[in-house]
Amino acid sequence: MSASPLRIGIAGLGTVGVGVVRLLRANADLIAARAGRPIGVVAVAARARHRERGIDVSDLRWHDDATELARDPDLDVVVELIGGQEGAARALVTGALAAGRPVVTANKALIAVHGAELAALAERGRTPLAFEAAVAGGIPVIKALREGLAADRLTRVGGILNGTCNYILTTMRESGRDFGPILAEAQALGYAEADPSTDIDGIDTAHKLAILAALAFGRPVDFASVHVEGIRGIAALDIAFAAELGYRIKLLGIARLTEAGVEARVHPCLVPRTAPISQVEGVFNAVFAEGDFVGRVMLEGRGAGAGPTACAVVADLIDIARGTLVPVWGANADSLSRVVSVPMAQLSGDYYLRLHVRDRPGVIAEIAAVLRDCGVSLKSMLQHGEAAGEAVPIVLVTHTTRESALRAAISSIAALDVVLRVPTMIRIEAG
């Protein structure tokens, strides 16, 4: 093979950075054959130069300042694996693109928040900006949406995009335990961070959904328009009631193209237990897309970890080595759609409501009157067991209704003296 090697510099030698180095070394011959030239790491930037990482980096140039990689004249590509939407990560990627140097990143927050600006830089310099690893780890969803499904008009995209939340909800269902102990267990196993808020509050999923929606619907990335709810409020009682109703609870990111615009939302959902996405358990992710011609496509796999994420990073490096240049969002900036975002108040769907009410006659009639006055129709109701103290849990399932009407009903129901806690509302999705 006579082609010159593709020389890369990696910023960040954490789990993924080390995984990329290992993969490039272990599969060097296979990667070179598929790339048409060798790909090798020649420089790195990371903290704690002498930390034991399980790989030998003694033959690599070391930069203490990650942004120096953007100016290193002996590099062909910069790989950003620092993370975070600001600081060194943003400075490095911006600097590299401004200098005409290709960038590969796994940084979903950076792409979700600053993707429009970075895409403009990349387009201006005809420079690759690749981020397959930013969404769903080893699942090749970016290429699937931007290239494999490029001919179809997509109308819906989303899925289970956070393994931490999926592990917690799966384990709650299997064990019957509540959220707090399962979160602590996930942290002990390394499935959740010491500060898990980005995962369990839905922000990580929202970053990924913003990227998927931009690719699916051919519009600039718009993280600010994504509605975000997490899983802190899901109780073991909800998991049990959902099972009795024939559902499982999943944290989903869902983006949908409608006549009114684009809905983009992250929240817990009741999904029929027979739906394919209900079968995705533990730390696994799944991404679905629906189009006019292709119908429904679903990809499942590990959404995080050194191996899967490293595979996605190296896949982007192989594209760059072969000279592949695809617009960041699938089309040039002047061809992107300006379709508006739809507020949550305009959403219509079926809903699950869990209430804790006083155990006395007439309670259901009072609640039903509020729902009637707000234009919300009931499909079914569940009530179990004896009162716990004076509180009795009941579950109501609505027919399809407008979210604004349901929220008005919840506000009025919460004000009733027979209702002892703020109602829990979970949206119902077909899957």
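Computed values, structure above
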| read-out | value |
| --- | --- |
| Unique match (being on the phi > 0 side of the Ramachandran plot and surrounded by 24 or more Cβ atoms within 10 Å (Cβ to Cβ)) among 176, 190, 218, 202 | 202 |
| Selected residue (criterion: surrounded by the most Cβ atoms within 10 Å (Cβ to Cβ)) from residues of the stretch 94-117 that are among the charged types (D, E, K, R) and within 25 Å of the chain's Cα centre (by Cα) | 108 |
| From the options 372, 338, residue that is basic (Lys, Arg) and more than 34 Å from the chain's Cα centre (by Cα) | 372 |
| Residue tally, condition part of a helix (DSSP H, G or I), more than 22 Å from the chain's Cα centre (by Cα) and surrounded by 15 or more Cβ atoms within 10 Å (Cβ to Cβ), over the stretch 341-365 | 2 |
| Any hit, the stretch 59-73, residues being aromatic (Phe, Trp, Tyr) and under 19 Å from the mean Cα position of the chain (by Cα) | no |
| Only listed residue being at pLDDT 95 or above, β-branched (Val, Ile, Thr), crowded, with 21+ Cβ neighbours inside 10 Å and not in a helix (DSSP H, G or I), chosen from 249, 211, 239 | 249 |
| Counted residues, the stretch 65-93 - those being assigned to a loop (DSSP other than H, G, I, E, B) and either among the hydrophobic types (A, V, I, L, M, F, W, C) or buried (at least 17 other Cβ atoms within 10 Å of the Cβ) (or both) | 6 |
| Per-region count, the stretch 23-59, residues in contact (Cβ under 8 Å) with a residue 60 or more places away in the chain, under 27 Å from residue 91 (Cβ atoms) and not in a strand (DSSP E or B) | 2 |
| Among residues of the stretch 324-340, those that are in contact with a Pro (Cβ under 9 Å, 6 or more places away or on another chain) and either surrounded by fewer than 19 Cβ atoms within 10 Å (Cβ to Cβ) or not hydrophobic (A, V, I, L, M, F, W, C) (or both), counted | 7 |
| Qualifying positions in the stretch 318-339 - in a loop (DSSP other than H, G, I, E, B) and among the charged types (D, E, K, R) | 322, 338 |
| Evaluation of residue 79 against (1) closer than 22 Å to residue 39 by Cβ; (2) touching a Ser or Thr at 6+ places or on another chain (Cβ under 7 Å); (3) modelled with pLDDT of 95 or more (one fails), failing number | (2) |
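The values are calculated or read from the model by the stated rules, or taken from the named source; none is laboratory data. In this text the structure is predicted, and so the values were computed from the model without any measurement. Glycine gets a Cβ as well: all are built from the backbone with ideal geometry, and neighbour counts include every protein chain shown.
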